[in-house]
Amino acid sequence: MSTSDTAAPLCGIVMEEQVDISIDDLCAVCRVERTQIVHLVEEGVIEPLPALGSAAQRTQWRFSGETLNRARRAVRLQRDLELNAAATALVLDLLDQIDALRRSTQA
Amino acid sequence: MDYKDYYKVMGVERSATQDDIKRAYRKLARKYHPDVSKEAGAEAKFKELGEAYEVLKDPEKRAAYDQLGSNWRAGQDFQPPPGWGAGFERRGGTPDNEADFSDFFETLFARSGSARRSASGAGAAGVHLRGQDHHAQVLIDLEDAYRGATRTLTLRMPEVDAQGHVVMRERTLQVQIPKGVRAGQHIRLAGQGAPGLGEGGAGDLYLEIAFNPHSLYRVEGRDVFVDLPLAPWEAALGAEVQAPTPDGLVELKIPPTTAPGRRLRLKGRGIPGATPGDLYVVTQIVLPPADTDAARAAYQRLQGEFSKFNPRAHLKQGAKA
């Protein structure tokens, strides 16, 4: 096992620049089961892309790359603070408000 | 290796009940969670807390830890007693962040358990499992996002050695940071995560981008803000001045009667990309000090010329009482 010290720099993909990602991609990156992602969608923490909408089969949901960051924060908060999906939604909304306030006092 | 006082980390007595420990953890976790707290060092505190809770919440691990006795002090040089680990069975899966736990934790709880785990896994015929994905954060400068950069990363990752033991190994990776990347975005490096078992492929490595704090610029998504100090006459009469951008200096026209706090937008000069961000120059007005006779005389002439000027005229209405 020596994958270290590669000669040429590794080039990766910026996930958020991808047009969309599947629910399975999202599960893999967040290391959670599909049901946990479904709960986050039901609480409005994250939203599938409207093209297919929540009426579509859950297995066909696609998410914008930008969802990744929010989903990971949500999953971390749920795991570390033992929150349910509704509480996570509230926490993330309040954190967004704090961010906005902080920015407006800075500018 | 340093001894860790897990009771002290959690702020509980050695006699605390499991409920006390859980309560203490919840309270401190809310306070120091890196997604919630902006306090410096919150992340390190949260990690320390997670390690302490990992041990104290589990009656078996707690009992093993308590066996070491209460005479140790945090930070004291520690060697495990001879025969340590014999008969200590580790149950359940590995938490996400265990790779980050201290050497102290690894010595006491991880080594025996993971060796056993790998012995039953890696050697078994017909077992093919995809390796775990790994996550790491990369701090870059704002300038790197404008130009792209190459970063050398050193990551600590668990690996299985020739004897089938799991050891922490340092890996060095050279990674291309693409131009236009923003804070909070993730770069996926396929196949750079943990190696798989059998014919299972390696996991992926995800790098989350964050910016080093910058002395000049503030970043909001794609947009970048910079404060531009002006002399009073530049703001009043208009001027052409140089303004810094992460791409280099630009010539900027300041219109006459520019108020402090005004945002001048330089379209497309924010973080580059398919939809580039904008750069906002926020004006500030700086008064020259009146610390010489000549300077005081200059202000007095100004006072004479503007004898009718009252900056507080609009305050009069509300202040009659």
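The values are calculated or read from the model by the stated rules, or taken from the named source; none is laboratory data. Everything numeric in this text was worked out from a predicted model, so none of it was measured. Note that we place each Cβ from the backbone using ideal geometry, even for glycine, and neighbour counts take in every protein chain shown.
Go over the candidates B:182, B:188 one by one and state the one that is touching a Lys or Arg at 6+ places or on another chain (Cβ under 7 Å) and closer than 21 Å to residue A:16 by Cα. Even if it seems obvious, please write down each step before you answer.
Values: B:188 fails: touching a Lys or Arg at 6+ places or on another chain (Cβ under 7 Å).
Answer to the check: B:182.
Of everything in segment B:43-75 that is surrounded by fewer than 17 Cβ atoms within 10 Å (Cβ to Cβ) and within 14 Å of chain A (Cβ to nearest Cβ), the residue that is farthest from residue B:137 (Cα to Cα) is B:57. Here residue B:167 passes the criteria (1) free of Cβ contacts under 8 Å to residues at least 12 places away in the same chain; (2) part of a loop (DSSP other than H, G, I, E, B) except the one numbered (2).
Anything in segment A:26-51 that is in a helix (DSSP H, G or I) and touching a residue at least 12 places away in the same chain (Cβ under 8 Å)? List them, or say none. Talk me through it step by step, then tell me what you get.
Step one: of segment A:26-51, the residues in a helix (DSSP H, G or I) are A:26-30, A:34-42.
Once the filter is applied, which keeps residues that are in a helix (DSSP H, G or I) and touching a residue at least 12 places away in the same chain (Cβ under 8 Å), segment A:26-51 yields A:26, A:29, A:30, A:34, A:36, A:37, A:38, A:39, A:40, A:41, A:42.
Number of residues in segment A:74-101 that are in contact (Cβ under 8 Å) with a residue 24 or more places away in the chain and either facing another protein chain (nearest Cβ under 10 Å) or not polar (S, T, N, Q) (or both) equals 6. Restricting attention to segment B:39-62, the residues that are under 16 Å from residue B:13 (Cβ atoms) and aliphatic (A, V, I, L, M) total 3.
Among the residues of segment B:174-194, none qualifies, meaning not one is in contact (Cβ under 8 Å) with a residue 60 or more places away in the chain, in a strand (DSSP E or B), more than 9 Å from chain A (Cβ to nearest Cβ) and in contact with a strand residue (DSSP E or B) (Cβ under 9 Å, 6 or more places away or on another chain). For residue B:245, the test of being over 30 Å from residue B:186 (Cβ atoms), among the hydroxyl-bearing types (Ser, Thr, Tyr) and either surrounded by 10 or more Cβ atoms within 10 Å (Cβ to Cβ) or at pLDDT 95 or above (or both) is failed.
Restricting attention to segment B:208-218, the residues being closer than 18 Å to residue B:143 by Cβ, within 15 Å of the chain's Cα centre (by Cα) and touching a residue at least 24 places away in the same chain (Cβ under 8 Å) number 5. Candidates in segment B:1-37 are the residues that are among the small types (Gly, Ala, Ser) and at negative phi; of these, the one that is farthest from the other protein chains (Cβ to nearest Cβ) is B:15. The sole residue among B:227, B:293 that is under 22 Å from residue A:105 (Cβ atoms) and outside the structural domain of residue B:180 (by TED's automatic domain parsing) is B:227. Screening B:224, B:281 for residues that are within 26 Å of residue B:209 (Cβ to Cβ), among the hydrophobic types (A, V, I, L, M, F, W, C), in contact (Cβ under 8 Å) with a residue 60 or more places away in the chain and surrounded by 12 or more Cβ atoms within 10 Å (Cβ to Cβ) leaves exactly one candidate, B:224.
Answer with yes or no whether residue B:200 is closer than 30 Å to residue A:12 by Cβ, loosely packed, with under 13 Cβ neighbours inside 10 Å and touching a Lys or Arg at 6+ places or on another chain (Cβ under 7 Å). Judged against the criteria, residue B:200 is not a match.
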